[in-house]
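Quick notes on the structure that follows.
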Number of protein chains: 2
Amino acid sequence: MKLVPNALGRMVPEEVPELGRFEPYGGLWARLERGYEAPRLVPPLKGTSRRKDKLAENLEAAVRRSGLESGMTVSFHHHLRNGDALLPQVLGVCENLGIRNLTLAPSSLTDAHEAVADFVRRGVVRVIHTSGVRGEVGKAISRGELEVPVVIHSHGGRARAIEEGSISIDVAFLAAPACDPQGNLTGALGPTGCGSLGYAQTDARYARHVVAVTDNLVPQPLAHVSIPQYLVDQVVVTESLGDPKKIATGAARITRNPVDLRIAEDAFRVIRASGLLENGVSFQVGAGGASLAVAQYVREYMKDKGIVGSFGCGGITGYMVQMLEEGLFKALYDVQSFDAAVRDSVAKNRNHIEIDQSWYANPLNRGCVVHDLDVVVLAALDVDVDFHVNVLTGHDGVLRGASGGHCDTAAGAKLSVVVLPSFRGGVPSVKDRVQTVVTPGESVDVVVTERGVCVNPRRPELAEAARGAGLKVVDIHDLKAQVERLTGVPEPVAADTSRVVALVEYRDGTLLDSVFRVDC
Amino acid sequence: MKLVPNALGRMVPEEVPELGRFEPYGGLWARLERGYEAPRLVPPLKGTSRRKDKLAENLEAAVRRSGLESGMTVSFHHHLRNGDALLPQVLGVCENLGIRNLTLAPSSLTDAHEAVADFVRRGVVRVIHTSGVRGEVGKAISRGELEVPVVIHSHGGRARAIEEGSISIDVAFLAAPACDPQGNLTGALGPTGCGSLGYAQTDARYARHVVAVTDNLVPQPLAHVSIPQYLVDQVVVTESLGDPKKIATGAARITRNPVDLRIAEDAFRVIRASGLLENGVSFQVGAGGASLAVAQYVREYMKDKGIVGSFGCGGITGYMVQMLEEGLFKALYDVQSFDAAVRDSVAKNRNHIEIDQSWYANPLNRGCVVHDLDVVVLAALDVDVDFHVNVLTGHDGVLRGASGGHCDTAAGAKLSVVVLPSFRGGVPSVKDRVQTVVTPGESVDVVVTERGVCVNPRRPELAEAARGAGLKVVDIHDLKAQVERLTGVPEPVAADTSRVVALVEYRDGTLLDSVFRVDC
C-alpha cells in the first residue's frame, strides 16, 4: 500500500484494497469549501402488501428473512454501551448460518464487544468501520489480525459516510428498549432503556433492511416514538438486550482527584476569560475525569451571575440534565445519553431533544449542532506541540480509544478546550508528535494541564485574556520540556510502518492518519 | 392524448406531454404486490462552510438565493388552511423576478389560494400537483385554462411521489409558525400556530432547497422541533404567515342537523355491529357534518363499556384530543391538526404524535399508519352502485374537492364507512356511475344514508351483522331507485371527453380516472 503525506505530514494511503480510494486530509474545511458533493443513497421504495406481520419468530428467522449474505454490511448502535448483548448475539447467529466476511459497521465498539476479536479470527467479520475499539479487539487489530485496515470515523463522519454510501448498510440491527409490533421504537422507556437513539436513527433511515430487536414489546401504539414504524422491516423479541446496570449507570460523580480539580478550575477560568460565558452560551462537556468537574464550575458561575445558556449538546450526562431543569439551558440536544437520569429526562422533558447523528455533527448537511457550539471541553490521551490530539492509541501504539465527537466539536466550537494531566503513569501527555492524530491542532484552542495552560498560537487574543485573568499561560514546548525533566523522554512506539492496520478518517472523509502494526 | 380503459373501465392516458408515462389503475394492491420498486431520490450532500447565516433579508432575497428558475418545481404545505398567506406571496415574488412556468406542488390548495388562477393565466404557474382544488382555481382548471392536466394525488400518494421523484421539488417553502435562526421549526407554537406539520416534513426531507418562512423567530434553541435545522437552507422573517382565525379555528361543533345525526347514529351502529369496537380499536374520522357526530356516538359507547382504543389518526379534531385526554386512545397520530385545541395538544401531550405524510399513508414504505386502521368514517360528494366514491368534482363536473386521505384510509382500514345524505339540493347522492372515481369501490365497505345502509356485496358477513343489529340494510340499486323517484334522474355532466383537464392518481401512482373539460 503506497502512502503519501497529507497536509499534516502524516502518511496515509490513497487507495486501499476492498475499501477504495481516499483523499488525504487537506485542512479543517478544505474539502467542504471546495464544494464537495456526494449523492445521498437511500434504499428504494418497495411494493408492500396491505398489513404486514413484522414479527419474526426469533433472531435467526429475522436474519434469514433479511436476506443477509456473506460479504454484506451490518450495523449496530452502541447506546447500550458496556451492557450491549445484541451485537455478539447477531454475529453468533450469522456464524451459525454460515454467513462470513461481513463488514461490521457499529456506531462504536465497547467493552461488551470483546467477542468481535474471535469473530474476526473465525472469518465472520472481515472489515470494520467504527468510532472506537478497546480491549481484545483493539489488540487484535493492532497486531494485524484483520487483513483490511479498520476505518475509524467520528460521529459526524459516520453520518456522512452512511448518507453518501461509503458505509452502505445492508441490514441494521437496532436494539430497541421499547418497541411496538409495527416497529415504532424508543430508547427512553423500558427495563434496558438507554435514552437517546441518535446513532440508530441514522442507520434506520439509510439501511436497506432494518431489524428492531426488543426485550420490551408493547402493544401499538408506543406513545413515545424515536424511530417510526415506516423505517422498520422486522421486529424480533429477545429475552434481554443486555445488562441494565451497564447500560443506564448511576450518575457520573464529580472527580475528587486534586489534579483533575485543579485542571477543571483552570479550564473554567479560561472559558470565563474567553468572554463566551454569557447569556445564550452553548456548551458541551464529556463525562470523564476533569470534564464533568468543569461543568460544575460553569454551573455555579451561571447560577451566580444569572446567566441563561442556549443549549447543551452531545453525549449528555445527568449533570447537564440538572442544568436543564434548573433553567441554565433552554434545551439539550442529545445524541447519546450517559446515565439513567438522562434516559428519564428524554422521556419527560420536551426540551430534552433527541437528535440523530447527522443533526449532531455531519459536516455535509445544511447545518449540524456542533457548528453552533460556543464551548466544548474535551479529554485526550495525549497532545503534541502542534496541538494535534490523540484519543485513539495508547503510549504503546495499541488501539484503545474512540474518535467520537472529538474532531466534530473541536472544529465546530468557537472555543475548544482540551483537559488532561501533564503526565499519566510516568508517561508525559505532551509529545513532539502524537502517535495518532484524531483531532487536528488547527481546531484546538487551548490545552489545560495542572502545570499550566497552553494556548494555540493561532489564538493570541485568547492567550492575552487568559494571562489577564491570572492564569499561568505557558508555551507548549516549555511545558513539554518541563514534564520531560520529571519523566524522561519516552521511547517512540515501535510500529511497523509497512503495515497499516487502521485508517483515521477526518469527519469529511479525508484521511488524517494511519495506525500501524505493533506487537502486543 | 390517447386514452385507454383501466381496471374500473375509466378512460385514462398512458402518456401525457410534460408529465410522462402513467400506468392505468389495476386494483387496490395490484401494483404493489407485483413488486413495484422505485429509487428514492434525495438531494445530494453538499460541502458547507463552518457557520452558516441562514437568515435571508426578505422573501425576494431568499428566492434569488435558492436558485429558483423558470420551469422548476416549488412546494408548499396547507397546514395554515384557509388562513395561508404564504403561497400567493411567494408566487408574487416569483412573478416579480420574471420566474415563469413553475410546477406548483402544494400538499393541497385551499380557499386562501384563489389567486393561483391568475398566476396560471399570467404564465407563472404551468403545472399543478395537488390533493384538492376549490373555487376559482377549480373552475379555471375545469375550463381548461391549464395546458397540462393537473395531477390530483392522495396524501399517501404525495409522499410516494415525492420520495420516488415523480414530484421532484426544487424549492420547498415552509410556513413556520415558530422557527429559530438555524431553521429548527414547529407548527405547535406561535401566533399562527397550526399544529402538526406532517406534510411539510416530507417536503423538507426531499426538496433540493428548503426555505423556512416565519412570523415568529425565536432564539436558538427552539424547544419543540418538528423539522430539524439540518434540513433547512434559509430562514426568512415575514410580518405574518396569514390569518390566525382561519388557521386555528375554534373546535368543530357536532352537527344538529337531524339527517346528519340519523346517519351518524346508523354509522355508529354498523361499526358496533362489525365487532371492531373493542379494546385496542384504532379509529379515524373527519371533521365534517355527520363524521364528527359518529365520533360522539363512539366516544359515549367506549366510555360506557370501558373500552380503551389504541390510536386515533389522520386529520385530528379537538374531539379526538378530548378522547385522548379521557384515556380512550393511547396515542394520536397527527398528520394535520384541525383546530387550536389540537395545536395545543401537539405542544403538550407526548402521546399526541406528529407524523409525516409517509408515516401516515405512503403505500410504498415499510408500513404506514393507515394500514393498521380498524375503522375509518369518510364523507363523500357522491357514490355509485359499484361503491366508487367521488370527493373531487361537483354534480356539474367542476373540480371542487380534495382527494386527501380518502383512498388511503379506505384501502387500509378493516372497515371503511362512507356517510352521506341520500340527496343534496335535489340531486341524488347515489349514481349509476360517479363522474370521478377517487376511492375505488373495492375499498369501501358500507355506505350509510338516512334512508338505509348499503353494504358492499364483497362483505356479506357485514350485511348480516348489520341486519342482526336491526339496521335497515338496502341494496344500493334499490336505494338509488328510491331516491330517484323523489329527485328524478339527473342529467349526465356535459363534459368534453376529448380534453383531459386533470388526472386522478391512485395512491400507488396508477391512474384512477380523468377529469374532463366542462363549461363553467
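The values are calculated or read from the model by the stated rules, or taken from the named source; none is laboratory data. Here the structure is a predicted model, which is why all the values come from computation and not from measurement. Here the Cβ is made from the backbone with ideal geometry for all residues, glycine too, and neighbour counts use every protein chain on show.
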Residues satisfying the stated conditions in region B:233-276, i.e. assigned to a helix (DSSP H, G or I) and of a type in the set (D, E): B:D260, B:E265, B:D266
In region A:412-439, how many residues are closer than 19 Å to A:V518 by Cβ and crowded, with 21+ Cβ neighbours inside 10 Å? 6
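May I ask you to say which residue of A:L364, A:L399 is within 17 Å of A:A159 (Cβ to Cβ), surrounded by 24 or more Cβ atoms within 10 Å (Cβ to Cβ) and in contact with a strand residue (DSSP E or B) (Cβ under 6 Å, 6 or more places away or on another chain)? Break it down stepwise before answering.
Details: A:L399 fails: within 17 Å of A:A159 (Cβ to Cβ).
One residue alone meets the criteria, A:L364.
Please determine, by comparing only the residues of region A:190-214 that are assigned to a loop (DSSP other than H, G, I, E, B) and surrounded by 21 or more Cβ atoms within 10 Å (Cβ to Cβ), which one is farthest from the other protein chains (Cβ to nearest Cβ). Spell out how you get there, then give the answer.
Taking region A:190-214 first, the residues assigned to a loop (DSSP other than H, G, I, E, B) are A:190-197, A:207-208.
Now drop any that are not surrounded by 21 or more Cβ atoms within 10 Å (Cβ to Cβ), which leaves A:190, A:192-197, A:207.
Details: A:G190: 15, A:T192: 21, A:G193: 15, A:C194: 18, A:G195: 15, A:S196: 14, A:L197: 15, A:A207: 11 Å.
Checking each candidate, the answer is A:T192.
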Name, by its number, the condition in (1) farther than 22 Å from B:A172 by Cβ; (2) within 14 Å of chain A (Cβ to nearest Cβ); (3) touching a strand residue (DSSP E or B) at 6+ places or on another chain (Cβ under 7 Å) that does not hold for B:A248. (2)
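Got a number for residues in region B:328-344 being within 14 Å of chain A (Cβ to nearest Cβ), surrounded by fewer than 24 Cβ atoms within 10 Å (Cβ to Cβ) and outside any helix (DSSP H, G or I)?
Step one: of region B:328-344, the residues within 14 Å of chain A (Cβ to nearest Cβ) are B:328-335, B:344.
Pick out the ones that are also surrounded by fewer than 24 Cβ atoms within 10 Å (Cβ to Cβ) and you get B:328, B:330, B:344.
Applying the additional criterion that residues be outside any helix (DSSP H, G or I) yields B:328, B:330.
Final tally of qualifying residues: 2.
Tally the residues that are touching a strand residue (DSSP E or B) at 6+ places or on another chain (Cβ under 7 Å) and either within 11 Å of B:L217 (Cα to Cα) or not assigned by the TED database to the domain that holds B:Q201 (or both), restricting the search to region B:231-241.
Number satisfying all stated conditions: 4.
Can you tell me which residues in region B:277-306 are assigned to a loop (DSSP other than H, G, I, E, B) and either away from every other protein chain (no Cβ under 14 Å) or of a type in the set (S, T, Y) (or both)?
Just the residues of region B:277-306 that are assigned to a loop (DSSP other than H, G, I, E, B), to begin with: B:277-282, B:286-288, B:306.
Those that are assigned to a loop (DSSP other than H, G, I, E, B) and either away from every other protein chain (no Cβ under 14 Å) or of a type in the set (S, T, Y) (or both): B:L277, B:S282, B:G286, B:A287, B:G288, B:G306.
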Of the residues in region A:383-425, those that are without any contact (Cβ under 8 Å) to a residue 40 or more places away in the chain and either farther than 17 Å from A:G135 by Cα or within 14 Å of another protein chain (Cβ to nearest Cβ) (or both) come to A:A410, A:R424, A:G425
How about region A:311-327: which of its residues are free of Cβ contacts under 8 Å to residues at least 60 places away in the same chain, surrounded by 20 or more Cβ atoms within 10 Å (Cβ to Cβ) and either more than 14 Å from chain B (Cβ to nearest Cβ) or not in a strand (DSSP E or B) (or both)? A:M320, A:V321, A:M323, A:L324
If I ask for residues that are assigned to a loop (DSSP other than H, G, I, E, B) and either of a type in the set (S, T, Y) or over 11 Å from the mean Cα position of the chain (by Cα) (or both), which ones from region B:393-409 would you list? B:G394, B:H395, B:D396, B:G397, B:V398, B:R400, B:S403
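Looking for whichever is modelled with pLDDT of 95 or more and under 12 Å from the mean Cα position of the chain (by Cα) here; the options are A:G132, A:G123, A:G144. Which one fits?
Working: A:G123 fails: under 12 Å from the mean Cα position of the chain (by Cα); A:G144 fails: under 12 Å from the mean Cα position of the chain (by Cα).
So the residue among A:G132, A:G123, A:G144 that is modelled with pLDDT of 95 or more and under 12 Å from the mean Cα position of the chain (by Cα) is A:G132.
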Specify the residue that is surrounded by the most Cβ atoms within 10 Å (Cβ to Cβ); the eligible residues are those in region B:215-245 that are within 14 Å of another protein chain (Cβ to nearest Cβ) and among the polar types (S, T, N, Q). B:Q229
Could you figure out which of (1) assigned by the TED database to the domain that holds A:V385; (2) surrounded by 14 or more Cβ atoms within 10 Å (Cβ to Cβ) isn't true of A:A495? (1)
Only one of A:A361, A:A380, A:A347 that is away from chain B (no Cβ under 13 Å) and small (G, A, S): A:A380
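Can you name the residue in region A:104-116 that is hydrophobic (A, V, I, L, M, F, W, C) and buried (at least 21 other Cβ atoms within 10 Å of the Cβ) and is also nearest to A:A85 (Cα to Cα) among such residues? Reasoning before the result, please.
Applying the first criterion (hydrophobic (A, V, I, L, M, F, W, C)) to region A:104-116 yields A:104-105, A:109, A:112, A:115-116.
Restricting the remaining residues to those that are buried (at least 21 other Cβ atoms within 10 Å of the Cβ) gives A:104-105, A:109, A:112, A:116.
Working: A:L104: 16, A:A105: 16, A:L109: 12, A:A112: 7, A:V116: 12 Å.
Among those that are hydrophobic (A, V, I, L, M, F, W, C) and buried (at least 21 other Cβ atoms within 10 Å of the Cβ), it is A:A112.
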